[in-house]
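One structure below.
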Amino acid sequence: MEVYLDNSATTRCSERACGLMVELLTKDYGNPSSLHMKGVEAERYIDEAKKKIAKTMKVSPKEIFFTSGGTESNNLAIIGAAMAYRRAGQHIITTSIEHASVLAPMQFLEEQGFSVTYLPVDRHGVISLEELRDAVREDTILVSLMQVNNEVGAVEPIAEAAAIIKEINPNTRIHVDAIQAYGKMAVTPKEWNIDLLSVSGHKIHGPKGTGFLWIREKTKLKPQMLGGGQQKGMRSGTENVPAIAGMAEAAAECYEDLAGHAEHLYRLREHFIEGVHGLAETSVNGREDRNGAPHIVSVSFAGVRSEVLLHALEERGIYVSAGSACSSNKPAVSRTLQGIGVKQELLDATLRFSFSVYNTQEDIDAALRALEELLPALRRFTRR
């Protein structure tokens, strides 16, 4: 039996997305830049993909730009906006618990002379709106906030934050990393009055190597990929038509019954949290109610190293994560767990469990049974 509970790292590709991709890889395989009918047909698939995605967010299709994934979308949004607006100022705001694909561009920009303010978070992983208000300045050109934290599932108050930012400085551009939110909850960038939004395809049952950046019309960005001038010069390179079409199909599938999918995920999460509370010396990090994301639970297991428990679960066919998949192979301690005040001795004793619509209550029960059996043995071994 296989129980996959690492859906924040990547998801299984949906059958609808796979089927469409096979058709484009073997039949309608033209280059969308070609002038003949094969190229025209390929371009139609790209246009249709934009329409499908735009519909899920109530935006214009012409505001959708395809990338190779969430990392590229975040880099293009952050570095592109900073370079485009640097004459207006060089101050940027973000949070202390952002994904590495946001924090690394911020560090790069600091090396280029920009000043970055890193907002702290409370024990739930949520920023203070008052601290945000105090941080916005006349020379603040960009604010980048994640909608859902990838490690503990904290949901940031995006609409409220955007209202404060625009009230103080209407010229400040706002970027939202929606990579862990899109497909699980409503994402409405125009209603929030933001300017840029990043999404990754393989987090929503689409193929790996896909993503998009929503760019509000008239928002300026300095392109980071130069060459053939595709996508209005914003992101050069021949479009990966099969993958783009597959991602859009997966996106449409997610939003056909968003409420139903979210309810399913919340029930799995609540059932898992209830079971976790029955395990000795175990604690949940972040919010446990429905103010948190529906698909992520961070759990600390005192006296057991996360990597040891991860592999013990793996031997039973249960797959989880020790943190962000993009940094799980690095020895660095999680800034998110530090930021929410997790005790030092638990920083290396924490696992992330993340669910998808394909998971069942039986999957959750299997994981809980395995934890109940493994934890006492591992703790005895560790404490000898």
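The values are calculated or read from the model by the stated rules, or taken from the named source; none is laboratory data. All of these numbers come straight from a predicted model, not from anything done at the bench. Note that each Cβ is placed from the backbone with ideal geometry, even for glycine, and that neighbours are counted across all protein chains shown. Remember, those area values only see protein heavy atoms, side chains included, never the ligands or the DNA or RNA. Shrake-Rupley method; radii C 1.70, N 1.55, O 1.52, S 1.80 Å.
Residues considered: 221, 279, 213, 309. Of these, the only one that is at pLDDT 95 or above, of a type outside the set (Asp, Glu) and assigned to a strand (DSSP E or B) is 213.
If we keep just the residues of region 97-128 that are among the small types (Gly, Ala, Ser) and open to solvent by 20 Å² or more (accessible area, probe 1.4 Å), which is farthest from residue 155 (Cα to Cα)?
So the residue we want is 113.
Residues that are open to solvent by 60 Å² or more (accessible area, probe 1.4 Å) and not polar (S, T, N, Q) were ranked within region 83-96; the one that is nearest to residue 172 (Cα to Cα) is 88. If you filter region 332-361 down to residues that are in contact (Cβ under 8 Å) with a residue 24 or more places away in the chain and part of a helix (DSSP H, G or I), you find that the one that is surrounded by the most Cβ atoms within 10 Å (Cβ to Cβ) is 336. Evaluating residue 56 against the criteria (1) hydroxyl-bearing (Ser, Thr, Tyr); (2) open to solvent by 50 Å² or more (accessible area, probe 1.4 Å); (3) farther than 30 Å from residue 322 by Cβ leaves one unmet condition, (2).
Given the criterion open to solvent by 50 Å² or more (accessible area, probe 1.4 Å) and touching a Leu at 6+ places or on another chain (Cβ under 7 Å), identify the matching residue among 29, 4, 45.
Testing whether each residue is open to solvent by 50 Å² or more (accessible area, probe 1.4 Å) and touching a Leu at 6+ places or on another chain (Cβ under 7 Å) leaves just 45.
Against the conditions (1) of a type in the set (Ser, Thr, Tyr); (2) over 17 Å from residue 338 (Cβ atoms); (3) touching a strand residue (DSSP E or B) at 6+ places or on another chain (Cβ under 6 Å), residue 101 satisfies every one except (3). Candidates 179, 165, 174: the one that is under 25 Å from residue 218 (Cα atoms), open to solvent by less than 40 Å² (accessible area, probe 1.4 Å), in contact with a strand residue (DSSP E or B) (Cβ under 8 Å, 6 or more places away or on another chain) and in a loop (DSSP other than H, G, I, E, B) is 179. Checking each residue in region 267-293 for being under 23 Å from the mean Cα position of the chain (by Cα) and open to solvent by 30 Å² or more (accessible area, probe 1.4 Å) picks out 267, 270, 287, 288, 289, 290, 291.
Of all residues in region 226-248, those satisfying the criterion of being surrounded by 17 or more Cβ atoms within 10 Å (Cβ to Cβ) and either on the phi > 0 side of the Ramachandran plot or not polar (S, T, N, Q) (or both) are 231, 234, 235, 239, 241, 242, 243, 244, 245, 246, 247, 248.
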